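Have a look at the structure below before the remarks.
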Amino acid sequence: MLAAVALTALPVQAADPTPGECAGAGGTLPSRCLYRSMLPSAGLVAECESDARCRVGYYAGSLTRATWLTPPAGLAAFPKPQVIWHSATFAEARFDCGRPCSVSYFFEARRHLVSQPRWSVRDVDLRRQLLVAAEERALVVRQIFSGREVARIERPWAPAPSLGDVVVSLRFDPDGRLSLTWLRGPERTPVSERLSIR
C-alpha cells in the first residue's frame, strides 16, 4: 500500500474557499448564498437563519428544486459552509463543528454526485478522487464517493489531543504521492516523508 519514503517535505498548498454570491446580512441575521460551478445552472446553495443554522444543498437546473443535505449525527443544523471548488465542477462543502472537528461533503456537478459526510479531511487528490483524513490516531486515504479505504498511515506520533496538533503539513503532490511532516514521540522531532499511494 505505502512505499517510497523520502526525507524531503514540500510546502502545503491548501485550496482557498470560494466566496459565495450572497444576499442578506448574515451573522445573526438571515442570508442566502450561491456557489456556482462552471456548468450552467448547477452548484451549491446555503439558506441560513443565521451563520450557525443553515440548510445546504445542491441545485441542477432550478434553484427552487434544490436537493438538501442531511446534517450528520452530532449536528442539529449546518453552520454556514466554506465551499472549495477543487475544479470548475467539483466542490467540497466544509463545515466547522468545533476544533478540531470538521465535516465535508463533496459535489460533482456533471453527474450530480454527492458524497456521504467525510470527517476531518486534510487534502484531496482530485485526479484519483481520493481524500486523506485524520481518523483517531491514523491518517486514512479513502475514495471520496465510495468511502473505501485505500491506505492507512500510522506512526509513533507525538502525544496530543488530535492528529491536527502533530501533523505539521500534508498534501497530495501532482504525481499522486502524499507529502507530510509530522512530530515524532515525546521529543516532538519533525519527520518528513513522501509516500506513494497505490
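Each reported figure results from applying straightforward, stated rules to the coordinates on display, with no laboratory input. Here the structure is a predicted model, which means the values were calculated and not measured. FYI the Cβ positions are ideal-geometry reconstructions off the backbone, even for glycines, and counts take in every protein chain you see.
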For a Förster distance of 25 Å, can you work out the FRET efficiency between the beta-carbons of residue 32 and residue 87, rounded to the nearest 0.05? 0.50
Calculate the length of the line joining the C-alpha centroid of the stretch 23-84 to that of the stretch 146-178, in whole Å. 29 Å
Fully extended, how many nm does the chain gain between residue 175 and residue 55 (0.36 nm per residue separation, minus their Cα-Cα distance)? 39.5 nm
Could you compute the net charge surrounding residue 131? Neighbours are other residues with a C-beta less than 13 Å from the C-beta of residue 131; K and R count +1, D and E count -1. +3
What is the log10 of I(q)/I(0) for the chain, computed with the Debye formula using one identical point scatterer on each Cα and no solvent, at q = 0.17 Å⁻¹? -1.12
Under 1.5 on a/c is rounded, so check that first for the stretch 109-198, then, if it is not, pick prolate when a/b is larger than b/c and oblate when it is not; a ≥ b ≥ c are the square roots of the alpha carbon gyration tensor eigenvalues. prolate
Can you give the extra length, in nm with one decimal, that the chain gains between residue 152 and residue 138 once fully stretched, where that is 0.36 nm per residue apart less the Cα-Cα distance? 4.4 nm
